[in-house]
Every structure is written in structure tokens, then in C-alpha cells.
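A short write-up of the structure that comes next.
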Amino acid sequence: MRIFSGIQPTGRKHLGNYIGAITQYVAGQDRGEAIYCVVDLHAITVAYETEVLRESVYDTAATLLAAGLDPDRCIFFRQSDVQEHSELCWLLSAVTSFGELNRMTQFKDKAGAQRDLVSAGLFFYPVLQAADVLAYRAHEVPVGEDQRQHIELMRDAAERFNARFGKTLVVPEARIPQVGARIMDLQAPDRKMSTTGGTAQGTVLVLDEPDVIAKKVRSSVTDSGSEVRRGPDKAGISNLIDILAAVRGIEPDAVEGEFDGAGYGAFKQAVADAVVEYLAPVRQRYHELRADEAELERVLEAGAAKARAIATDTMEDVRRAMGVGPVRPRG
Ligand code: ATP
Ligand code: MG
């Protein structure tokens, strides 16, 4: 069983990424052949600074290693080091529906948030994402809830490819956690916590200092009631319940039971304490790892060599199936 997922190097990663995706990446190492990549080519689809991008790749790599990715137990690399992703993206465009791409809510949300240029890359983002996964013929893609639509699109592309050119690609499944698949912004609980959008105060960064985390949680927006329970009219409290459940590895029901009658103040303090405790060891390891850029570079390059070996094999089959390039004897 092969697992693949990618994470953007834009800015610093947040609690939503950590709960929704990163913890699943770590667990995936015990469940199958796990392949993870820092998707720098996805990050250029919105406005960015060239020097910051390179630094952010190291920031994100160090964060994932601090969280528990082990380069001896997974393949961990930088997307742009494996050029097959870009080539496969273009080839997959032949089996990707324009109409379907046009319905992607992430594109609509992100396009609306751009100050000037809405890049074609932002529109094509899901095709590159499909290439990321399909290049490795991965079976499973651990992601947060927001990526469900993109996984559906890549499944359609893979099915269409196989039907049109013969069975070549694996049609992957999304793996979305039961609790914490959509952590909301603490200040605007109607939208997801995000690396590039969202409010500064409503986004708990993995690397935030304990007092900063505590302040963000305690000042989170909640309704005017006092009951600690989930409900459609209680987006803020529901979000905090999910966060505490995910961090403690318990059911949201158990959180509601424990804080029945406790009031919002005590509940928020408990969430703040739990999140601080949860992230503290990661932050500590991060600073150790981030200090050695040469070692991070070495890890990423070694990972890319392993990834490339798999991706070139897929590309050979894809090119042959599509009639692209000269006929080569099966290697
Ligand atoms: P952006 O908002 O700019 O797309 P992001 O915060 O979604 O950035 P990504 O690198 O695109 O960060 O996502 C990495 C992983 O984290 C994806 O699997 C995504 O589904 C998951 N994820 C992102 N935000 C959340 C969230 N608020 N709750 C749970 N999972 C999330
Ligand atoms: Mg995202």
C-alpha cells in the first residue's frame, strides 16, 4: 500500500495542517510505503517572494521532521526536485475536464482573495496535484476535508486516462480524519484555518510561543451562550471541541461530557493548555533541525533521488500509453 501527500511551503504551518494532515503523515509511515513532499511548485500560484519561498521550504521540511517524519521510514522530498511532476501535469491536462476544474471551490476562494494577478497556475493547481499523486501510483492520499474535491478530480483524471489509454495509473482514495479534518479560523469560525488566507489572531501556528497560543485560544470568537456543546449555531465552540478531541485523541462527545456546565472561560483555558502541551515538543525539535540547513538540504535531495526512481518509471508507461515520444523497449 502506497501513501502520498503534499504540503505547501507557504508561510508557517498551522494547527489545522497539523491535526488534519501532518499527524496522518506520521501515522502513515507505519501503515505503508509513505511518500511526502513539500510542494514548492504549488506555492508559486499566488503572489510570493523568491527568497522567502526557498526559506519556507526549509521551514516546512523542519516542521515535518520535528513532527515525526523519519527519512529512513518514508520518502520525503521537495516537489521541484522531481521534474516528472511538471511533465505529468501537462500530460494529464489531456484527460482533465475544463468544466470540472472550473467548479473547484478552492480556485474560486483563492482567486477572489488575490490583489492583482489571478494566475493560470491557480486554476491549474488541481492538475499538478493530480500529477503529484498519480506519478507514484499511490493508493491513499491523507488530506484535510478541503481537499476532497481535488481528490475527486484526480480520480476522474486517472479513470479517464486508463479508459482512454489503457490501465496505467492507480485511482487513489482520499484519507480524511474523523475528527479535525476541518479546523476553523479562531476569529472567523465560518472559514478554515489557512496558511495563506485567514486572520493572524485566528491562526495558531505550530511554531507559536506558548503565551501566543494561549492568547489566541482564549480570545477565540464564540457565541453568547455558555454551553460547551456542538451545534450549527455554535461554530466557534464546535471548533474548540474538535480541537481538544483531536489533540487528546478522544471523541468530541467525551469533551462535551467533561465540560458540561463548566462555562466558556474554563473550557477555553483547558483547550489552550492542551494545545500548548501538544505543540511544545514539536517547536523545540523544530529549532534544532532548522539550524542545520545543509542537513535539511541533504535529506530533501536524498528523498528526491528515491522519489525520482518511482516517478520516471510511471512516466515511461504514461508516455508510451499516450504515444508521446519515441517507442522505447520496456526497461
Ligand atoms: P492554503 O489555505 O493556502 O491552501 P493550507 O493551510 O490549506 O494553505 P496546505 O499546504 O494547502 O495548507 O494543506 C496541507 C494539508 O493540510 C492539506 O491536506 C489540507 O487539506 C490540510 N489542511 C489545511 N487546512 C486545514 C484545516 N483548517 N483543517 C484541517 N486540515 C487542513
Ligand atoms: Mg490548502
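The values are calculated or read from the model by the stated rules, or taken from the named source; none is laboratory data. Worth saying up front: this structure is predicted, and the values here are computed from it rather than measured. Positions of Cβ are backbone-derived with ideal geometry, glycine not excepted, and every protein chain shown enters the neighbour counts. When the accessible area is computed, the model is the full protein with side chains, heavy atoms only, and any ligands, DNA or RNA have been set aside. Shrake-Rupley method; radii C 1.70, N 1.55, O 1.52, S 1.80 Å.
Determine how large the accessible area of C89 is when every protein chain is in place; take a 1.4 Å probe and give Å² rounded to the nearest 10.
Probe radius 1.4 Å; accessible area of C89 about 20 Å².
May I ask for the equivalent-ellipsoid semi-axes of region 116-221, computed as the square root of five times each C-alpha gyration tensor eigenvalue and listed largest first in whole Å?
35, 16, 11
Please give the length that would be gained between E256 and Y48 if that part of the chain were fully extended, namely 0.36 nm times their separation in residues minus their C-alpha to C-alpha distance (nm, one decimal).
Between E256 and Y48, full extension yields 70.7 nm more.
What is the magnitude of the charge dipole of the chain about its Cα centre, with +1 placed on the Cβ of each Lys and Arg, -1 on the Cβ of each Asp and Glu, and no other charges, expressed in debye to the nearest 20?
Dipole magnitude for the chain comes out near 900 debye.
Counting only protein heavy atoms and using a 1.4 Å probe, what share of the accessible area of region 23-91 belongs to carbon plus sulfur, as a whole percent?
Roughly 51 percent of what the probe reaches on region 23-91 is carbon or sulfur.
Would you list the membrane-span-like helices of the chain, meaning whole DSSP H runs whose alpha-carbon atoms span at least 18 Å along their axis and whose mean Kyte-Doolittle value is at least 1.0?
In the chain, the long hydrophobic H runs are 120-134, 235-248.
Ratio to report: Rg/Rh of region 157-315, with Cα atoms as the point set and Rh obtained by the Kirkwood method; give two decimals.
Computed over Cα atoms, the ratio is 1.11.
Under a cut-off of 23 Å between alpha-carbon atoms, report the lysines in cross-link reach of K268, not counting same-chain residues fewer than 8 places apart.
Output for K268: K13, K192, K215, K216, K234.
What whole number of Å gives the distance from the Cα centroid of region 228-268 to the Cα centroid of region 5-67?
28 Å
If you filter region 42-133 for GluC sites (Glu not before Pro), then keep DSSP loop positions with at most 10 other Cβ within 10 Å, what is left?
Within region 42-133, the qualifying GluC sites (Glu not before Pro) (loop, at most 10 other Cβ atoms within 10 Å) are E49.
Put +1 on the Cβ of each Lys and Arg and -1 on the Cβ of each Asp and Glu in the chain; which of T195, A254, S220 then has its Cα farthest toward the positive end of the dipole?
Positive-end residue among those listed: T195.
At 25 °C and 0.890 mPa s, grab the translational diffusion coefficient of the chain from Stokes-Einstein with a Kirkwood Rh over Cα pairs, rounded to a whole number in µm² per second.
Diffusion coefficient, whole number: 118 µm²/s.
Where only protein heavy atoms count, and the probe is 1.4 Å, what is the accessible area per residue for the chain in Å²?
45 Å²
Could you please report the charge total around T10, scoring K, R as +1 and D, E as -1 over all other residues with beta-carbon less than 12 angstrom from its beta-carbon?
In short, -1.
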